[in-house]
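The values are calculated or read from the model by the stated rules, or taken from the named source; none is laboratory data. Everything numeric here is computed off the predicted structure, so don't read it as measured data. Backbone-built Cβ (ideal geometry, glycine too); neighbour counts: all protein chains shown. The protein model used for the area step is the full one, side chains on, heavy atoms only, and it has no ligands, DNA or RNA in it. Shrake-Rupley method; radii C 1.70, N 1.55, O 1.52, S 1.80 Å.
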Amino acid sequence: MAPQHRSLARGTAAACTTMLAVAGLTAVSAQQDPNNVEDLPPQEIAEKAMDTTKGADSLRIKGSGRSDQDKIRIDLAVDKQGECTGTLGINGGTLRLIKIEDITYVNGDDAFWTRTAEEEGVDAQELINLIDGRWLKVPPGAYGAGDAAELCDIDALVQAFETYVSDGVSKGGETEVDGKPAITLTKEEDGTTTNTYVATEDEPYILRVVTEGGDEPGDLTLTDYDKPVSATAPSSEDVVDGEELEQLGGAS
């Protein structure tokens, strides 16, 4: 693939990874047995919540936030095998994402491809016409594949939330998140207040993280712990290989 269009593919995946900057979560548990986590000191609650959440075989992250002045939306289901499926949004553009084994497929709307084309210095309408509503296939080893793999890495996604429950949290009151009892952990730093809600029934999963103030406010939920991720590859006629992007601008 020509360097310019390798950069385009990479830029597409890089736009996806900005979602990792957004903070927040909500969880679903199958049982309703008290776990008494609320009786622990705040840092022990935080450590137990992170360990439990890291141990999930799969989960779904959904919500919105802001990163570097970009408005971000995410609704993504991921599992320990690195498979994922969902929708990402940035500043009004929307991207659908599917990853199965080592192959990633992305399908953007016109607003997303226009933004991507502008960032990579190619003609937006030419790119939109070439893709023609199809899924762009990103194979392993291709430019941008590593970024897509990171986005679909459940361990990396969960690890990104650790900063919100690291040293300096205080324990707040008991509350509910979507009808589930929870204990609140609060961290204040550099003008930002983050409230992390940890389940007090069944497993002490993180239920939600809400960040207010600062440059990157966010509010996401994390659900569907340990539920299978239904990632299905698009049909071949609906797929465009990344090498076809060489057609843009008459590249060879």
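What net charge is computed for the residues neighbouring SER67, neighbours being all others with C-beta under 12 Å from the C-beta of SER67, Lys and Arg scored +1, Asp and Glu -1?
-1
Tell me whether the stretch 53-119 comes out rounded, prolate or oblate; compute the Cα gyration tensor, take square roots of the eigenvalues as a ≥ b ≥ c, and use a/c under 1.5 as the rounded threshold.
Oblate.
Suppose we keep just the alpha-carbon trace of the stretch 177-228; what are its Rg and Dmax in angstrom?
12.3, 39
How much area per residue is accessible in the stretch 56-173 when the probe is 1.4 Å and only protein heavy atoms are counted (Å²)? Intermediate values should be presented prior to the final figure.
Values: 5180 Å² over 118 residues.
Dividing the accessible area of the stretch 56-173 by its residue count gives 44 Å².
Could you list the GluC sites (Glu not before Pro) in the stretch 54-127 that lie in coil according to DSSP, counting only those with at most 15 other Cβ atoms within 10 Å of their Cβ?
GLU101
May I have the extent of the alpha carbons of the stretch 148-245 along their three principal axes, as whole Å values ordered from largest to smallest?
Taking the Cα atoms of the stretch 148-245, the three principal extents are 54, 33, 19 Å.
May I ask you to give the average projected area over all directions of the convex hull of the Cα atoms of the stretch 80-163, in nm² rounded to one decimal?
Mean shadow area of the hull around the Cα atoms is 6.1 nm².
Mind checking which lysines have their Cα closer than 23 Å to the Cα of LYS180? Skip sequence neighbours fewer than 8 apart in that chain.
Of all the lysines, those that pass the test against LYS180 - Cα under 23 Å, at least 8 places apart if same chain - are LYS48, LYS54, LYS62, LYS171, LYS227.
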